[in-house]
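Here's the structure, in structure tokens; my notes come after.
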Amino acid sequence: MQKTSMTRRSGMGSERLRRLNRVLQGYVERGEVAGIVALVHRHNEEATIETVGWQDKEAQTPMQRKTIFRIASMTKPIAVAAALTLVEEGRIRLYDSLDTWLPELAHPMVMRDPNGSPNNIYPAPRPITLHDLLTYRIGTGWGASSLRSRIFAMQPSPLAETFQIPNAEQLAPDAWMARLGELPLLYEPGARWLYHIAVEILGVLIARITGKPLETFLREGLFEPLGMVDTSFVVPQDKRNRLATLYALTPTGELTVRDHPSTTGWANEPLFPSAGGGLVSTVDDFQRFGRMLLNKGELDGVRLLSRKTVEAMTTDYLTSEQHTHASFAFDRVDADPSASMWDNWGFGYGVAVRTKRIGLGPSVGSFYWPGAYGTTWIADPQEDLTATLLFQVVGANPFYTRIGEDFLAMLYQAIVD
């Protein structure tokens, strides 16, 4: 149920890499997760692949390298990279107003108090731009506000069901945009980082600019060139036996099934393909995406993005004032319970960017973004390292749980060159 390999050129010690396996095995033995896959590359060499535990605990199906995972918000940097290819093609500019493509958001109104009445509003001083979308600073999103429940209810299927969001309303993209356009902004464009909604809008924008369904454009523009053969919004029948069971933790800490391959919500094309969290993928597929970004936009002779575009993607755009705000408590990754979300990280285009080194690592300039079903990855340019960690527990976002902290510690303690 586990395999460990190492090449000398990776600069990672084999004995030290075995510690990673032991730590991950501990989470399975304690019943905190059913199974885990981890893949590490350094200096363009595979350093280790770990498959621990179960793809389906009840059926005793072993975890495997080709297991398919719901990657939730790890979808976001993929959608952002796709949008940046359109910038490189000259089909849209970073600071263009989006009014032409997204008339539902033209001439937005802003609430005077995000926690107050949605009728107490004033005109936004400027339109929303692509740069605002890519940095999640359009003025609306997840977080504390009087519109919180209405915004959460716009979560598309099948994510809405797995998160058990009450009163979720399922809408096609145009209807979804119309519904969003009925709501005022919580803040002026550019003023505040707010999570999730910007990337759902980005998916609609990509489809409108290209005239193609989002899935088609991602497949043709990213997945096929990179060889990401199992990444999609749908798990077809012939791959269903490789889909991991999605679990949730009961109040007593036991795993209970939330989405099973036999009845999965990922069986059919979604009404609204969620650029914010709808993709499934494998450890090898996503690792190829991460390695492409680590290599400044190129992998195995295929260039998806320019070096300058990746540098722009991995630059911190948050202002000093914005670094003092957080939409949710992403603290545990720094092993410092007193740290706030942006003390040691900034935010670029769809990825968090390390601005200050804490403990063993990651290095300054590292970048990543996790998913709320138990998935994460990191690319560290200083160490020439890319790593992906995948498991399936609703709400077990590795950004702020011990397993993510332990994963990083085991990665960086294994570097010996």
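No value in this document is a laboratory result; all are computed from the given coordinates. Computed from a predicted model, the values in this text were never measured in an experiment. Quick reminder, even Gly has a Cβ in these numbers, built from the backbone with ideal geometry, and neighbours come from all protein chains shown.
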*Please work out the Cα center distance from region 17-32 to region 181-249, rounded to the nearest Å.*
31
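Most exposed first by the Cβ proxy, i.e. fewest other Cβ within 10 Å, how do 30, 208 rank?
On the way: 30 9, 208 17.
Fewest-to-most ranking of 30, 208: 30, 208.
Please give the charge dipole size of the chain, origin at the Cα centre, charges +1 on K and R Cβ atoms and -1 on D and E Cβ atoms. Round to the nearest 20 debye. Before the final figure, lay out the partial values.
Numbers: 41 positive and 46 negative charges, 97 e Å.
Approximately 460 debye in magnitude.
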_Choice from 317, 95, 195 with maximal GNM fluctuation in the chain (Cα, 10 Å cutoff)_ = 95
*Treating the Cα atoms of region 65-107 as identical point scatterers in vacuum, please give the log10 of the normalised Debye intensity I(q)/I(0) at q = 0.23 Å⁻¹, two decimals.*
-0.88
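Would you mind working out the magnitude of the charge dipole of region 79-214 relative to its Cα centre, with +1 at each Lys and Arg C-beta and -1 at each Asp and Glu C-beta, to the nearest 20 Debye? All intermediate terms of the calculation are to be shown ahead of the outcome.
Values: 11 positive and 13 negative charges, 35 e Å.
Magnitude of the dipole: close to 180 debye.
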*Residue among 21, 377, 313 farthest towards the positive dipole end of the chain, charges placed on Cβ*: 21
*Listed residue (153, 129, 205) projecting farthest to the positive dipole end of region 79-214, Cβ model*: 129
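Counting only helical runs of four or more DSSP H residues, what would the 222 nm mean residue ellipticity of the chain come to if each run contributes -39,500 (n - 2.57) and the total is spread over all its residues? Mind showing how you got there, number by number?
Working: 11 runs with 103 residues, N = 417.
Using -39500 (n - 2.57) per qualifying helix, the result is -7000 deg cm²/dmol.
Given Cα pairs under 8 Å that are at least 6 residues apart, what percent is the relative contact order of the chain?
Working: 912 pairs, mean separation 87.7, N = 417.
In percent, rounded to a whole number, it is 21.
Assuming a ≥ b ≥ c are the square roots of the Cα gyration tensor eigenvalues, decide whether region 40-156 counts as rounded (a/c under 1.5), prolate (otherwise, with a/b larger than b/c) or oblate. Can you show the working numbers first?
On the way: a/c = 3.40, a/b = 1.70, b/c = 2.00.
Taking the square roots of the gyration eigenvalues as a ≥ b ≥ c, region 40-156 is oblate.
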*asked:* Just want the answer: with Cβ charges of +1 for Lys and Arg and -1 for Asp and Glu, which residue in 196, 235, 49 is farthest toward the dipole's positive end in the chain?
replied: 49
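What GluC sites (Glu not before Pro) does region 217-325 have in DSSP loop regions with at most 16 other beta carbons within 10 Å? Working shown, then result.
Working: sites: 220, 254, 298, 311, 321; in loops: 254, 321.
Hits after loop and neighbour filter: 254, 321.
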_Binning at 20 angstrom from zero up to the longest distance, how are the C-alpha pair distances of the chain distributed in percent?_
28, 60, 12, 0
*Lysine pair number, Cα distance threshold 19 Å (strictly under), the chain, separation 8 or more or different chains*: 8
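Using the count of nearby Cβ atoms within 10 Å as a rough guide to exposure, how do 74, 109 rank from fewest to most? Don't jump to the answer; show the numbers that get you there.
Values: 74 26, 109 13.
Result, fewest neighbours first: 109, 74.
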_Three-way shape call for region 263-331 based on the alpha-carbon gyration tensor, with the a/c threshold at 1.5_ = oblate
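Going by the alpha-carbon gyration tensor, a ≥ b ≥ c the square roots of its eigenvalues, is region 213-307 rounded (a/c under 1.5) or, if a/c is not under 1.5, prolate (a/b greater than b/c) versus oblate? Before the final figure, lay out the partial values.
Working: a/c = 2.40, a/b = 1.77, b/c = 1.36.
Since a/c reaches 1.5 and a/b is larger than b/c, the shape of region 213-307 is classed as prolate.
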_Cα principal axis extents for region 79-214, largest first, Å_ = 42, 37, 22
